[in-house]
Every structure is written in C-alpha cells, then in structure tokens.
Amino acid sequence: MLPSQFPRHLWPLSIHFSRQRLFLGGRDVAELGRELKTPLYIYDAATIDHAIAAYRRGLRAWPGRGLITYASKAWLSLPLARFLARRGLGLDVVSPAELAIGLRGGFDADLLHVHGNNKSFALLQQAIDAGVGAIVVDNLHELGLLERMTPVAPVTLWLRVNPDLLAPTHVYRQTGHHGSKFGMPREEALLAARRIAASPHLRLTGLHVHIGSQIFDLAPIADSVDRLIELAVRIEKAGWGKIKALSPGGGLGFPYHPDDPAIPLHKLTTDLCAHAADSWRRQHGGPYPTLILEPGRSLIARSGVALYTVGAIRRLSDGGRIIAVDGGMNDNIRPALYGARYTASLARAPLGDAVGPARIVGPLCESGDFLIEVVDLPDVKSGDVLAIPVSGAYQLSMANNYNGMLRPAVFLHDHGRLIPMQRRETIDDLMRRDIFDAN
Ligand code: LLP
C-alpha cells in the first residue's frame, strides 16, 4: 500500500506511520499492544478536540446561541465525561446510570438532557431532583407521569417529535419514520404542548428531532428541521410555550471504511446549521433559539483505535485467510448487528504489500463473531498486533460478556501521555453479582 493510499482520514490525528511501523503519539503501536495487553482501546484526545472544533465551526452558521451535547450512548466513562465537561459540552443521557456518571464526571446538571422512549418514574424523579436542563418527553405516557409529579420548581420539557421521515441508514438505526417507537407524531406533539401549557408545574421550552444515525445525506435531516420549526410556529401561535431550544439531534455520518463517503465534518455541520438558520428565518422570523447539536459517533468514533493480538490463522484453499484475534462481537457487535464494515492495519507493517484477502474473526462460539468480513492484509503471523480504526463509538458501550469475555482496558492518549481511563474487566468482576453461598 502506498502512503497516499493509507486511509489517513479514518485514523486518529496522532497516528503516524514510518519505517513500516504504526505510531500513536510517537509510541510504537505493536509495542503498546504487547505492553498494555490486548484487546485494548485507545482514544486520542487531539482527535476528539478536532471533532469538537468542527462542530463549533458549524455552529458559526447559526446566528443564535449554539450548544454541543454529546450523546453519551456512543461511549461514556467518568474520565471521558470530565474531558468533555471541561470543554463546555452538554450531555445527552437516557438512563439513571448515564445521568449519574455525567454528574459525577463534572457536568453541570443544567447541561444534561434526558432522552429515551420509556423513561421510568425513577429516572424522571432523579432528573428532576438533579435539576437537569431538559427532559425530552417522548410520548403521552411519560407526560402523564410528569403531570402527576409534584416538583418544588417548574420542570423544563422539550418534546421529541416524530417527523414521519425515513433516514437513509440501516433499518435498526432509523428513528423518525411512521411506526417508529421514538417520538410523537406532530398532532400528538400539539396535544402534549396543550397539556403542558395547562399544567402548573411543567414548562415547554424546546423541540427535538432525531431521525437516525450514520446519515451522510443531509436532505432528510434538513426536512426534519423544517417540520420541527413549522411545529414551533404552531405551538407559539397557540400560546402553549415559547421555543427557546431547537435540537435536530445527532446522526451525522462518519466513514469507517475507505469506500465510505468522506465528507468533512465541518462541512456537514455548517450545511446543517445554515439550513436551520434559513428555515427559522423563513418560517418563524423571531429571535433565534439555542440550537443544540447532539453528536455521538461523529464526535468520538475516529478518536478510538482497537488493538487485538492475532492467534490462530486458517488458510483456505482459495487463498483466503481466516485470522482469529482476541476480541470479537463481545467488544464490537456492530459487524454482526448492522453488517458494519471496518478496515484494519498490521501494526508492524501498516504499508506492507497485501498478500490477499483475510477475514478477521473473534474467539466466540458464533459464526457471526467477526470483526471484518474482508480486508487485504500483508502476511500476518500469530502474535502480531492488528489495529482497527474508527472504534470509538458504539463499540465499548455495546460490549458484552458473551462466553465470559472480559471488557477491554481503555486508555486516553493526550499529547504524548497515555492515561488509563478504564481498567480491564476481571473474572472477579463477572462473579461479583452472583448470589452464592460457597457452603
Ligand atoms: N440523539 C439521540 C436522541 C439519539 O438517539 C442518538 C443516537 C444520538 C443523538 C446520537 O447519534 P449519532 O450522532 O451517534 O449518530 N448503535 C448504532 C447507533 C445507534 C444510535 C442511537 N441513537 C451504531 O452502532 O451504529
């Protein structure tokens, strides 16, 4: 592979290659894998900052105030929460645990937004007690729970609207179409707005839409923003609330594979914000509300690299190879769940000549346990370290313990320093919840 063919845009900014070796912040990646043990995830701070900067640049096309809230479902830990809180981001949470980690990680409660399509009474109570910035009401059942609560101070609500639009992405990631479990159809949202206006302790201040994830074509997101603003106008005309917060959700696509579209993030964010500004001016014309962008994947995916060690190699009669590594669908279920396509690099020869296609599989008892269906690689030997880029989003957060596999250790690379973020799971961790009297 020629250096010009190395898919630089898929790798963290701190990755370099020279002398036929892959480096992260000046450290030999193959050695890192051996020293720190694999499977191992490393996040690169500079790459997260780069993505935040792309979002801030996009928000310059919005004439009002802007806020980036990180969709914590992409991956959350206390150190990552602190890292993002210090940079002034908000946080989207959907569970009591995400809420608690966000708060302990250092987010101000008013920068937390609570999402989810079936919020429990306990979650709503926890959110109100903490004083979160907004609870994003998904349906009339949740609204009923909120109406029956007796908070000491008024509760700020947004409505999640289902705009009846199909996002061009995997069917499991579509969330804005008719029949989706997420969000209120527009007529229902109007009903909810009327009920909130009649409640002594609830305030409607925002509208939210999120039509899906891993979307490269902005057109349907732009349509969803138009429909949201149209609804804002109707709600305000009826006197049911003043829309001070407008959120087109997250969902911007990020490439995983050299064949995926590589649209610069700042272009997507700028086009989206410019469209929203134009739509608000045309349909509403009043002062601009705060625009809340809610990225998960596009903020964090590129910063993460997964390292694995090669074990068994099976050579097939057609010249192909099945290369087994020490992680699989336990730490990355995305290939099995969505047919997600990744690429990989041999850490000791990132520019080495490929000798043919290989399938990268894990050690689990499932034929669906694969990380990469097909990738061209040089001659790989047992003990080699393989690096898979774009591993920062929805891998560790969807990790599981199938076959008793332990969750990997996670490090942050911050300008030359490697800082542990999460230790590797232990066998004791797995047995901790078992209720068992040894006698
Ligand atoms: N806001 C809401 C309300 C969401 O539900 C999501 C993602 C986001 C924002 C962030 O979307 P993003 O910017 O990350 O696309 N597990 C799937 C992705 C599921 C996304 C769920 N919701 C995957 O691995 O592709």
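The values are calculated or read from the model by the stated rules, or taken from the named source; none is laboratory data. What you are looking at is a predicted structure, and each value in this text was computed from that prediction instead of being measured. Backbone-built Cβ (ideal geometry, glycine too); neighbour counts: all protein chains shown. Note: areas computed on protein heavy atoms with side chains; ligands, DNA, RNA excluded. Shrake-Rupley method; radii C 1.70, N 1.55, O 1.52, S 1.80 Å.
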Residue tally, condition within 16 Å of the ligand (Cβ to nearest atom) and without any contact (Cβ under 8 Å) to a residue 60 or more places away in the chain, over segment 329-354: 2
Residue in segment 268-284 that is touching a Lys or Arg at 6+ places or on another chain (Cβ under 9 Å), open to solvent by less than 60 Å² (accessible area, probe 1.4 Å) and under 30 Å from A153 (Cα atoms) present: no
Residue satisfying condition, being away from the ligand (no atom under 16 Å from the Cβ) and within 19 Å of the chain's Cα centre (by Cα), within set G116, G88, G144, G102: G88
Counted residues, segment 418-435 - those being without any contact (Cβ under 8 Å) to a residue 40 or more places away in the chain and either closer than 18 Å to R27 by Cβ or charged (D, E, K, R) (or both): 8
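Matching residues to (1) assigned to a helix (DSSP H, G or I); (2) open to solvent by less than 20 Å² (accessible area, probe 1.4 Å); (3) small (G, A, S):
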| residue | (1), (2), (3) |
| --- | --- |
| L166 | no, no, no |
| T169 | no, no, no |
| H177 | no, no, no |
| A189 | yes, yes, yes |
| A192 | yes, yes, yes |
| I196 | yes, yes, no |
| P200 | no, no, no |
Residue within segment 124-131 that is in the same structural domain as Y70 (by TED's automatic domain parsing), within 16 Å of the ligand (Cβ to nearest atom) and β-branched (V, I, T) present: no
Number of positions in segment 360-387 that are touching a residue at least 60 places away in the same chain (Cβ under 8 Å), hydrophobic (A, V, I, L, M, F, W, C) and either closer than 19 Å to G320 by Cβ or surrounded by fewer than 23 Cβ atoms within 10 Å (Cβ to Cβ) (or both): 3
Among the candidates L307, L291, L272, residue that is away from the ligand (no atom under 13 Å from the Cβ), among the aliphatic types (A, V, I, L, M) and either closer than 28 Å to R203 by Cα or part of a helix (DSSP H, G or I) (or both): L291
Sole residue being open to solvent by 10 Å² or more (accessible area, probe 1.4 Å) and either free of Cβ contacts under 8 Å to residues at least 60 places away in the same chain or closer than 17 Å to L265 by Cβ (or both), chosen from P79, P12, P7, P63: P7
Filter result for L386 (part of a strand (DSSP E or B), closer than 28 Å to S213 by Cβ and in contact with a Gly (Cβ under 8 Å, 6 or more places away or on another chain)): no
Residue among T169, T175, T205 that alone is of a type in the set (V, I, T) and more than 23 Å from A340 (Cα to Cα): T205
Sole exception among (1) part of a loop (DSSP other than H, G, I, E, B); (2) more than 25 Å from the chain's Cα centre (by Cα) for N400, by number: (2)
Any chance Q20 is more than 16 Å from the ligand (Cβ to nearest atom) and in contact with a Gly (Cβ under 8 Å, 6 or more places away or on another chain): yes
Residues that are in a loop (DSSP other than H, G, I, E, B) and either farther than 24 Å from A354 by Cβ or over 21 Å from the mean Cα position of the chain (by Cα) (or both), drawn from segment 2-47: L2, F6, P7, L13, S14, R19, Q20, G25, G26, K37, T38
Residues of segment 167-215 classified as hydrophobic (A, V, I, L, M, F, W, C) and either within 16 Å of the ligand (Cβ to nearest atom) or without any contact (Cβ under 8 Å) to a residue 12 or more places away in the chain (or both), total: 10
